[in-house]
Amino acid sequence: MSHPERSKVIKVRVSDAEHRRLQSLATRPELARWMREHCLGADTRRRRGDPPPADPAWLRQLAGIGNNLNQIARRLNAGDWGPADRLQVIAALSSVERSLDALRARESRSQPEAAE
């Protein structure tokens, strides 16, 4: 696919704080490309199948939640659940739900323009 030649330059002056804010909002490392996509509504689908950038701390928390779910599923599939075990599972699932809600809220605050 051929891209149109970009021959026009737009210079925008921003303060240090504004620059940091733009960089924190950008969903890709190339600020100019992100601004073009964000401001012009360009097609933001990834062409090479690259995963979207994500905060490593967020990914670690998400992996921990996934591990907890796998442990719950393993015990559930074993079929040896008594009433007390079921209560523990409900409590664990509630904890997982709270953790996911907290992660979702944190992620939505860090990317206010994200579309669903």
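Each value in this text was obtained by applying a stated rule to the coordinates, not by laboratory testing. Owing to the predicted nature of the structure, the values given are computational and were not obtained by experimental measurement. Cβ coordinates were reconstructed from backbone atoms using ideal geometry, including for glycine residues, and neighbour counts include every protein chain displayed.
Listed from fewest to most Cβ neighbours within 10 Å, the set H19, H38 follows the order H19, H38. Remark: region 20-37, residue by residue, has Karplus-estimated 3J(HN,Hα) of 4, 4, 4, 5, 6, 7, 4, 9, 8, x, 7, 4, 4, 5, 4, 4, 4, 5 Hz, where x stands for each Gly or Pro and the curve is 6.51 cos²θ - 1.76 cosθ + 1.60 at θ = phi - 60°.
Summarising the label geometry, the points placed 7 Å from Cα in the beta-carbon direction at A105 and L31 lie 3.1 nm from one another.
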